[in-house]
Every structure is written in C-alpha cells, then in structure tokens.
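A quick write-up on the structure given underneath.
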Amino acid sequence: MSHSDPNCLFCKIAGGNIPADIVYQDEHVLAFRDINPAAPEHLLIIPRRHIASLNELGPEDTTVAGRILQAAPAVAREAGIYDSGYRLVFNTGPDSLQSVFHIHGHLVGGRKMGWPPFPGGAVEHG
Ligand code: AMP
C-alpha cells in the first residue's frame, strides 16, 4: 500500500504541495495550525504516512503512532501552552464528525476548557 494518497489534503500539506502554517516537523510527523481554530491555540499533528483514521492503524504504524504522541509536548511548547495545558483529540468516524481522513490529533489550548467536552454533558445512549 502506498504511504501517500494523491487525493488527500493532509498528504498534500505533508508533501509541501499545499501551504500550511507549520510549527513543528520531523522525520515521522508534522504539525500545523488549524485553518478554522476552535480554541486560541489549535494545531493539527499528522503522520507523514497516509493513515485514514485510528481505525486503520496497523501494527506497522506503532512507531509513527508513538511519534505523534511524543510530538505533542514539543508542539505545545511551540504554541506557548506547554505549561498552561492542552488537550489532544482524535476524531474518528461519523459520530465524532471526522472530516479529513488522514489521522490528525487536534492539539487545543490557550483557554480553560470544560469537561465533559461536549455540550449537554449527560451520557445519552441510542
Ligand atoms: P476533523 O473534522 O477532526 O477531521 O478535523 C479536520 C480539521 O482540519 C478541521 O478542524 C479543519 O478546520 C482543518 N483543516 C481543513 N483544511 C485545512 C487546511 N488546509 N489547513 C489547516 N487545517 C485545515
């Protein structure tokens, strides 16, 4: 399987074919500012390799999955929210409203957040 999808927006950003405000990059991952921020600081951490979602993570992706997590503190430091705190969210599948099918961790911070993270708060089944 190819490690890049020519139709994938985030593969194009990783390949330098679409501009992005990149704040961190290394051999495995890169991080850039979300174009439609949901918090004062909102960055996306993605693997260079095309993986559609957490549901498609395979055993061969163990290193890159770890690299995404390990990049988070460095990205938070770049964004100035290492000490104040941040949240890392991976929307996965329809209920989560995932819209770009290349794994990305939303790293958000710069303000006090609520918990539970969704409006209403109560657990509703069905
Ligand atoms: P999700 O809905 O969890 O799949 O998140 C996709 C995120 O990508 C959204 O927060 C969008 O605002 C963001 N996004 C879409 N296009 C771009 C882009 N060209 N540059 C930066 N962020 C983008």
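The values are calculated or read from the model by the stated rules, or taken from the named source; none is laboratory data. Being a predicted model, the structure only gives us computed values, none of them experimental. Note that we place each Cβ from the backbone using ideal geometry, even for glycine, and neighbour counts take in every protein chain shown. Ligands, DNA and RNA are stripped out before the accessible areas are found, and what is left, the full protein with its side chains, is counted by its heavy atoms. Shrake-Rupley method; radii C 1.70, N 1.55, O 1.52, S 1.80 Å.
Structure data summary
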item	result
Test: residue in region 92-102 that is among the hydrophobic types (A, V, I, L, M, F, W, C), open to solvent by 80 Å² or more (accessible area, probe 1.4 Å) and within 16 Å of the ligand (Cβ to nearest atom)	yes
Enumeration of residues in region 103-126 that are more than 10 Å from the ligand (Cβ to nearest atom), at pLDDT 95 or above, open to solvent by less than 50 Å² (accessible area, probe 1.4 Å) and out of contact with any Lys or Arg (no Cβ under 9 Å at 6 or more places or on another chain)	Gly110
Count - residues of region 9-44 that are farther than 19 Å from Gly110 by Cβ, open to solvent by less than 20 Å² (accessible area, probe 1.4 Å) and touching a helix residue (DSSP H, G or I) at 6+ places or on another chain (Cβ under 9 Å)	2
Region 27-44 - residue that is in a loop (DSSP other than H, G, I, E, B) and either of a type in the set (A, V, I, L, M) or out of contact with any Ser or Thr (no Cβ under 8 Å at 6 or more places or on another chain) (or both) and, of those, farthest from the ligand (Cβ to nearest atom)	Glu27
Residue list for region 98-117, filter: in contact with an Asp or Glu (Cβ under 9 Å, 6 or more places away or on another chain), assigned to a strand (DSSP E or B) and not aliphatic (A, V, I, L, M)	His106, Gly109
When residues of region 45-66 are limited to those that are assigned to a helix (DSSP H, G or I) and open to solvent by less than 80 Å² (accessible area, probe 1.4 Å), the one farthest from Cys8 (Cα to Cα)	Gly66
In region 67-97, the residues that are outside any helix (DSSP H, G or I) and more than 12 Å from the chain's Cα centre (by Cα)	Gly80, Ile81, Tyr82, Asp83, Ser84, Gly85, Tyr86, Gly93, Leu97
Sole exception among (1) within 16 Å of His106 (Cβ to Cβ); (2) within 12 Å of the ligand (Cβ to nearest atom) for Ile68, by number	(2)
Condition met for Gly109 (touching a Ser or Thr at 6+ places or on another chain (Cβ under 7 Å) and more than 24 Å from Ser4 (Cβ to Cβ))	yes
In region 1-26, residue farthest from Pro73 (Cα to Cα) [restricted to those that are assigned to a loop (DSSP other than H, G, I, E, B) and of a type in the set (D, E, K, R)]	Asp5
Close pairs from region 3-21: first polar (S, T, N, Q), partner not in a loop (DSSP other than H, G, I, E, B), Cβ under 8 Å, at least 6 apart	Ser4/Cys11; Ser4/Ala14
